[in-house]
Each structure stands twice: as C-alpha cells, then as structure tokens.
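The structure under discussion appears below in the form of structure tokens.
Read the figures in this text as sums done on the coordinates, not as results from a lab. Given the structure is predicted, the values throughout are model-derived calculations rather than measurements. Ideal geometry is used to build each Cβ from the backbone, glycine not excepted, and the neighbour counts take in all protein chains shown.
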Amino acid sequence: MVERLKKWYTLRNQILVVFLAVMIIVLAMVSFITLKQVSSLVKKNAENQIEQTAVEAGGRIDSLFKQLNTATKIILTNQSIQSVLEKKYVGEGIAFSELQRITNLMNTMLANSEGIYSIDLYASNLDRLVPFDDTKLFDHIDRKWIEQADEAGGKLVWIGEDPQNPNYFLLIRRVNLMERRFANGGYLLIRINSRYLQVADQNMQEQYSILLDKELNPIFTNYPGEITPDSLKNQSTIMIHQKEYIVTKQMSDETGFTVLILTPVRVLTERLSSIRIGIIISGIMGIIIYLISSWFLSTSITKPIVQLTNTMRLANEGLMALNPQVITVNEINELNSTYNQLVKETNHLIKMVYQKEIIRSHSELKALQAQINPHFLYNTLDSLRWSLEEKGEEELADIVVSMSNLFRYTISKNAKDDWATVKEEFDHIQNYLEIIRFRFGDRIKWKLMLPPTLESAKIPKLLIQPLVENAVIHGSGNQLKPCTIIVSVESDSSNENMRITVEDDGAGMDEEKLNSIKNLLETGGLSTVNGKGIALYTIKKRLQYYYKEESEKFFSISSQVNQGTKITIEVPINGGDL
C-alpha cells in the first residue's frame, strides 16, 4: 500500500491535484453563490406572484361586497320600498301595484349588479314581500342570523352557504325606517352565486385555494381532502401527502375574510432545475478543460525534472552520466546545464582524488600511531631512568622484561596487527602500570576490571593505554597524594556495544580547561591547553577512522577539580572497519 502511494506521490500528480483542487473550490464557490442568488430571486418572484394572486382574489371579494353594499343600500333607502315597509310596520294594507313596483325596482337592480343572484324583501314581522308568497324568513335561515342582523344595525351580515341550495351563499341586512327613527322595517336576504367567491388559479397545477370567513369557516376550497383552517392560519408551510406547501395569507379589511393559497415548494423551484443543470454542466466542462491544461502544463514542467532525476539516480550505481539537453523553461535548462557541468568536474576529480585519498587515509593512520609511539617511549625511558637512580640493579631485569613486552606490543608493521583483543590491551596496560610504579611508587594505584565475556572482543591497538597514560601524567603527576586509576569494560543492555571507562581521582580540571579541551577536540586543533589533549585528539581520530560516524556519539569526557577525570568510550562489540 505504501509503495503504491509512493508511486503516485510525484511532482506532476501534486501539481495536478493542487490545480484541480483550487479549480473545484473556485467553481464550487461560484456555482453555490450563483445558484443561491438565482434561487432566492426566482423563489422571491414566485412568492410575490402568488401573494399578488391572493391580493387580487381578496380585492375581487372586497369589490363584490362593496357592490353588494351599494346595491342593497340603494334598495333599502328607496322611497317606494321605505313607504311599503312603513305601511307594513304600522299595519296598513299594501296595494298589489305597490308590490309590483318594488319588485320591478329590485329586478332592475339585480340586472345591473354582477354576482347577485336574488334579493328577497321581508317585512318586520318576517313575512316575505318580494317575491310575494306566504313563506317566513326563518323558513330559509336560522333565527340567530336575524338577531345578528338586528345587532349589526343595518350592515351586511354574512350567513354562509344556502342550506336549500349549496350553489349559493346568503347575506342578510336589516332595513331601517328613516321616517320612524330607524325602526326595524324589515330585512333583505341576498343570494350570491358561489362561483364569484372562487379564488383558485386555474393555471397553477397542484395549487390549493381556501377562503375563510370571520369565524375561520371554509367558504371555498378546491382541496379534496380535509384541512383544518385554524392550523393553516398560523403556519407558513404545511405538509400535504408528503409534499411541502407554502401558505400565502391575505386578509380582507372590508369583510374580514381570509384568503389562503397553498403552493407546492416544487413549483417554486422547478425552474431552477434547468439553471442547476446548466451550472453543473458548465462546472464539469470547466474541470475537464482545466484538468487537460494542467496535465500538459505539469508534464512540460516535470518531464525534464524526472529525466534529470533518473540520470542522477545512476550516480548511486557508480556511473556519473551526462543528461541530454531538453527544450524547456530557463530555470530547468539552467539546472540541467549545472548538473552536466558538475558531472564533468566530478568525474575528473574522482580519477585524480580516489587513489590519493586512499593513500592519505593510510598515511594519516601511520602518522597518528607515530605520534603515540615516540611520546610513549619517551615517558617509558624517563620512568626507567628514575627507577635506576632510585633503586638497585637487581630490579633492572624486571623492568627490561616489561619494556620488552611493551615494545613488542607497540611496534607492528603488519596491517592485521592494528587490532587486538581487550585482554591483550589490558595486559599491555598492566605492563605499563608496573613500569610506572617504579617512578611514582605508592602514589599510584590501579584497578583493572574486565568481564571474561568481553576478553576476546576486538578493539584498535593502543586505544586504552594512551588514556591510562593521560590519567597518570595529569592525574597523579599533578598532586602528592595517592591517585587511583580504574579501567573498566562493560556491555550495554543490548549486548551490542561495550563501554570502556578510564577514570582517576587525581587533580582534575576546572570547567574552563575542560571546555577548552572539548572545543579543541571538536575543531580538530592540536594546540591544547598546557600540552594536554594530544592523547584525546589521537584517540578520537582513530575512532573516526575505525568506526566512522559511530565514534561521534560514543566519546565523552568529564572532570572536576580535586575529584579527578573520567573518559568514556563506547564501541561495538563486533568490531569496526577490520
């Protein structure tokens, strides 16, 4: 899985992905904002149109009621009708010609009034005068409407659907006798055709219209199911057959009627489908065009780089090849030209430096060993001189034996003798310290601790002895009190490395001298403080030669004044560059 991801994790694919992601984000934002603005505009226009329809329906109903109010007011204020009703009110007889005259008057009024089907005239005793017959007013309507007409004091009162004919609606109005201080002279019962109260828009499919009276009772509705008008009046949307409808309300100030129009949300947004499809198609085409353009652009940029990378990869196989010239942008041409020039110079330098570097490495090692041997021999002979002056010749044989062992271990011309076991190195240290004792006597003591499991481990020859010599010279040599030198070897928890420690309880160094030695070891300087540090520098260089980069993390030194110095080396148990 990781290999597959690495295969696709290329510069060209990154350029493609970034460019395409930016394009998709830009197109998505533009499409979203455009669609949102257009949707809001279309929906608002549709809502305004529906609201205008409701306003027009309410206005038409108000106009009808104004016409009814005007027509009935003309009738009830007509002198002939007032005269007939007044005679009926005082109990006088009414001539047939008078009834025929007011009948013709009312018929003429009906002919000039649109929407009014009929107007019946009743006397105060509820007898019907026009058309003349023996029926009573309460034969057509409930008495409560008569009471409401009396309470209205001459205003139109909406009754509702005619119980005798559902195709008509009824209204009642009391006639006040102007000559009798507006006493009750009778009633006008008006019938209007129900089709004049229809508010449905025939051009809008699935749209439902409802007309409610003051009591929220349905006057007209084209919805086939049952809808609670009270619930509609307090909601802006409603769910009908799992479809969402917008409720548009318009209340008439003239009649108190409420017009409710239920419009499917889908109808308001169906015109957005074509816009949405157009935006999506445009976005897809833009992405395809941008993808193709980005592919050509990224290929033209990355192809020379890939070719140059493949050529550079050959250097890992030891072949520094020239990269052919390509036609591309100036920056990549410059990079290609620089690489080719580098290859030419590198190949030339490899031929000149390779053998020289090998010879220099061996010469440096021999030079380092040459620095150790004279220094060591000088101190050894000096120790021998002091011992011969202070002691008799009977101990000379022991000293010569120890020196012979030292020379035999130190002087070696065979490259294989550059390495020795830890046991051999410890024997060499023991010989060295035996000779040193002739000089320092009881002022020098030592402890050598070597586990049997590490005796056969290989280390560079003379790796530990210079550190012991350093401890003798700078630890015990700078004080009169006895000095103990401890040399120990132990393995770490993983049994892969061994830790070599040389420590003494001698004079030690202050922090300034210690930091100076550490800085000189880091920079490679040979001119150390008061001649100190040569052995440390030599050991560090040998570690770098035999153990390469591992030596940097396995060499440490610490010291305190009058408490001694401790040097630790950690190297692999299995040896270094044998």
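Too long at a 29 Å Cα-Cα cut-off: which of LYS344/LYS540; LYS73/LYS144; LYS303/LYS344; LYS73/LYS136; LYS44/LYS66?
In this structure, LYS344/LYS540; LYS44/LYS66 exceed 29 Å between Cα atoms.
Assuming R0 = 30 Å, what is the FRET efficiency of GLU151 and SER118, from their Cβ-Cβ distance, to the nearest 0.05?
The value I calculate is 0.80.
Relative to a virtual label point 7 Å from the Cα of PHE132 in the Cα→beta-carbon direction, which members of region 100-118 show backbone nitrogen distances below 16 Å?
Of the residues in region 100-118, 100-107 have backbone N under 16 Å from the label point off PHE132.
Counting C-alpha atoms alone, how compact is region 454-503: give Rg to one decimal and Dmax as a whole number, in angstrom.
My reading of the Cα-based Rg and Dmax gives 13.4, 42 Å.
Take peptides 81-91, 153-163 and line them up by average Cβ neighbours within 10 Å, highest first, as a rough protection proxy.
So the order, starting with the most tightly packed, is 81-91, 153-163.
When Lys and Arg each count +1 and Asp and Glu each count -1, what net charge do the other residues less than 12 Å away from ASN167, Cβ to Cβ, add up to? Let's see the in-between values first.
Details: positive: ARG191, ARG195; negative: GLU161, ASP162.
Summing Lys/Arg as +1 and Asp/Glu as -1 gives 0.
Sort 60-73, 421-434, 240-253 by the packing proxy (mean of other Cβ within 10 Å over each peptide's residues), most packed first.
Packing order, densest peptide first, comes out as 421-434, 60-73, 240-253.
Per residue of region 502-517, what does 6.51 cos²θ - 1.76 cosθ + 1.60 with θ = phi - 60° give for ³J(HN,Hα)? Whole Hz please, x for Gly and Pro, Karplus curve as stated.
Here the 3J(HN,Hα) series is 10, 9, 9, 10, x, 5, x, 9, 7, 5, 5, 5, 4, 5, 5, 5 Hz.
For PHE296 and MET449, calculate 0.36 nm times their separation in residues minus their Cα-Cα distance, and state this gained length in nm to one decimal.
Length gained between PHE296 and MET449: 47.9 nm.
Quick one: Kirkwood hydrodynamic radius for region 105-225, alpha-carbon pairs, angstrom, one decimal?
One decimal place: 15.8 Å for the Kirkwood radius.
When ranked by the protection proxy of mean other Cβ atoms within 10 Å per residue, highest first, what sequence do the peptides 334-345, 535-546, 207-218 form?
Final packing ranking: 535-546, 207-218, 334-345.
Can you give the extra length, in nm with one decimal, that the chain gains between SER83 and LYS423 once fully stretched, where that is 0.36 nm per residue apart less the Cα-Cα distance?
Extra length from SER83 to LYS423 when fully extended: 107.3 nm.
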